[in-house]
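The values are calculated or read from the model by the stated rules, or taken from the named source; none is laboratory data. Owing to the predicted nature of the structure, the values given are computational and were not obtained by experimental measurement. Glycine gets a Cβ as well: all are built from the backbone with ideal geometry, and neighbour counts include every protein chain shown.
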Amino acid sequence: MVRDGQKLHGTGKSTYELVDIQRIFESLLLTPSTVFADLGCGKGDYTLAVARAVGPKGIVYGVDAWQEGLEQLERNAAIEGLHNIITIHADLNEHIPLDNGTVDICFMAAVLHDLLRESTGRRH
């Protein structure tokens, strides 16, 4: 979103409460050594759940352009004692700062509309 010539970021309503997370995890075949990237993670509902599921041997990247959401994710991870989450502040329309071949699973939930809006300059 752009207001007064300045890019603003935020989050819409999370879809996390609307899905069967266990079913999603089963289809993703998460293992204790999974390296997972949650692109457009927002405040990290999915990121936290995956971090719990893969445990301390897995790595979960939470990537978003919304700094306040990443900060909330970091606080929640600290409260839960999850040390396998790495947050990355990045605009998915520009560049995802992860090396090729380093991620096992790339995940996006309720993000595509933001990418379309940003890339076309259209607002809905």
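For the reader, a short list of remarks on this structure follows.
Residue by residue, here is whether (1) within 20 Å of residue 111 (Cβ to Cβ); (2) part of a helix (DSSP H, G or I); (3) among the charged types (D, E, K, R) holds:
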position	(1), (2), (3)
41	yes, no, no
47	yes, yes, no
50	yes, yes, no
56	no, no, no
62	yes, no, no
69	yes, yes, no
76	yes, yes, no
86	yes, no, no
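- Tallying residues that are farther than 18 Å from residue 16 by Cβ, surrounded by 12 or more Cβ atoms within 10 Å (Cβ to Cβ), touching a helix residue (DSSP H, G or I) at 6+ places or on another chain (Cβ under 9 Å) and at pLDDT 95 or above within segment 70-93 yields 3.
- Filter pass, residue 96 being outside any helix (DSSP H, G or I), of a type in the set (Val, Ile, Thr) and surrounded by 12 or more Cβ atoms within 10 Å (Cβ to Cβ): yes
- Of everything listed in (1) modelled with pLDDT of 95 or more; (2) in a helix (DSSP H, G or I), the single unmet condition for residue 26 is (1).
- Residues that are under 13 Å from the mean Cα position of the chain (by Cα), among the hydrophobic types (A, V, I, L, M, F, W, C) and modelled with pLDDT of 95 or more, drawn from segment 42-65: 48, 49, 50, 51, 59, 60, 63
- When segment 55-67 is filtered for residues that are free of Cβ contacts under 8 Å to residues at least 40 places away in the same chain and surrounded by fewer than 20 Cβ atoms within 10 Å (Cβ to Cβ), the ones remaining, listed by number, are 55, 56, 57, 59.
- Search result, residues across segment 20-36 that are touching a Lys or Arg at 6+ places or on another chain (Cβ under 6 Å) and surrounded by 14 or more Cβ atoms within 10 Å (Cβ to Cβ): none
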